[in-house]
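The values are calculated or read from the model by the stated rules, or taken from the named source; none is laboratory data. Only a predicted model underlies this, so the values are computations on that prediction, with no experimental measurement involved. As a convention, Cβ positions derive from the backbone with ideal geometry for all residues, glycine included, and neighbour counts pool all protein chains shown. Accessible surface is based on the protein model in full, side chains and every heavy atom, while ligands, DNA and RNA are left aside. Shrake-Rupley method; radii C 1.70, N 1.55, O 1.52, S 1.80 Å.
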Amino acid sequence: MYKIDTASNSIQPLEQKSFSSLGFRERGDLQEWIAKQPSVLGEDLLIIQKEFRGFDETQERLDLLALDKQGALVVIENKLDDSGKDVTWQALKYASYCSRLSKSNIAKIYQKYLNITEPGVNAEERISEFMDDQDFEELILNEGVSQRIIMIAAKFRKEVTSTVLWLMNFGVHLQCFRAALFAIDDEQILHIEQIIPTQDTKDYMIGMAEKARDDIESKAERGNRYIVRESFWYELISEMNLKGTSLFQNISPGTRPIISAGAGISGIIFSFNIKQKVCRAFLDIAQNEKSKNKIIFDRLKESKQQIEDEFGDLLEWDRRDKYKACHIGKTSAGNVFDRDQWKEMIDFMTDAMFRLEQAIKEPLKKAVDQAKNDSPK
């Protein structure tokens, strides 16, 4: 940092000093400067308490507690010349403690602060004013896991910055500000700049954090879905084996939304399918040649009345002209991720599959034989 000398049209370097060398203290000075001028951190913040220690069963105290314009609590931890190695853990603890504070707790904490700094000022009114004159009753403060952490120091250790960057990938809202002190003649100049995330990469870092969080949540949800589906298939196969058919006797429950058993003809299988809104039992005609599948389907459909009479209900006939495979089966509403629906779904699916196998196995053999004769030589 340089001082411009207009008289000589030159610049003069400012000498960087440590806070301690000039006798400045963490609480008595740096903390007070930020409390009186929080905009130095690049945004509008409302300081609601200093040296806050209102945590149950602990005497720990955080440096500054603030509200931002979105109603989130901001934990501000100040260090002088060195961040130390434990500042991240310390700040995370404070943020976790603050996550339990209700709106009324926040107003009481701020009122105690105002009673000392500005006697006679009402905390709820001041918060409403800060939040663009919204009614205090309608404000939402400290919602969910919206708590933020700001750390300020002249120097951050590598173990601190590494941990901060890692935590940001999980959606923890952390910022690091470097506080530098410069001296020239009898003047001292304080320079505070955000170093993590840097302003020009802030949007990128936020986007990466959101993606990482989505990836983690998606992976966890996939794992849960796999467990649910495997449990469902286990119960369905057990019930199916009581139906007097060996169709699914050698089939193991899996984690995919579909399980299948061979119909005794290459490329033709009986399948169960479960989704979030429907469940199905169907015959899948999926031999290697698309044209042959369509011929088999058409031949079966010529016996549609006979098959449906035997089945005891109407069936869904889906030739799927754009695709290789054809489907014949029955669908019902059902959400596999709602266990209360399992019994009804399993009763429907196993019953439909048993009746479908009985109704279509003979016509299917004839259709396959006819398709051999109908196929181009």
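Here are a few things to note about the model shown:
- Among (1) more than 13 Å from Ile274 (Cβ to Cβ); (2) modelled with pLDDT of 95 or more - the single one Glu362 does not satisfy: (2)
- In the set Asp5, Asp63, only one residue is of a type in the set (Asp, Glu) and open to solvent by 50 Å² or more (accessible area, probe 1.4 Å); that residue is Asp5.
Residues checked against (1) closer than 27 Å to Val145 by Cβ; (2) among the polar types (S, T, N, Q); (3) modelled with pLDDT of 90 or more; (4) not in a helix (DSSP H, G or I):
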| position | (1), (2), (3), (4) |
| --- | --- |
| Lys211 | yes, no, no, no |
| Ile216 | yes, no, no, no |
| Lys219 | yes, no, no, no |
| Glu235 | no, no, yes, no |
| Ile259 | no, no, yes, yes |
| Ile269 | no, no, yes, yes |
| Asp284 | no, no, yes, yes |
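- Test: residue in the stretch 131-141 that is more than 23 Å from Arg61 (Cα to Cα), surrounded by fewer than 17 Cβ atoms within 10 Å (Cβ to Cβ) and among the β-branched types (Val, Ile, Thr): yes
- Here the strands (runs of 3 or more DSSP E) wholly within the stretch 1-106 that include at least 2 residues being hydrophobic (A, V, I, L, M, F, W, C) are 46-52, 62-67, 73-78.
- Pairs where the first residue, in the stretch 289-315, is in contact (Cβ under 8 Å) with a residue 24 or more places away in the chain and under 13 Å from Lys372 (Cα atoms) and the second is outside any loop (DSSP other than H, G, I, E, B) and open to solvent by 40 Å² or more (accessible area, probe 1.4 Å), C-beta under 7 Å, 6+ apart: Ile295/Asp374; Arg299/Gln370
- Subset of the stretch 142-155 (residues that are exposed (fewer than 14 other Cβ atoms within 10 Å of the Cβ) and either in contact with a helix residue (DSSP H, G or I) (Cβ under 6 Å, 6 or more places away or on another chain) or among the β-branched types (Val, Ile, Thr) (or both)): Val145
- Selection of the stretch 137-172 for residues being among the charged types (D, E, K, R) and free of Cβ contacts under 8 Å to residues at least 24 places away in the same chain yields Glu137, Glu138, Lys158.
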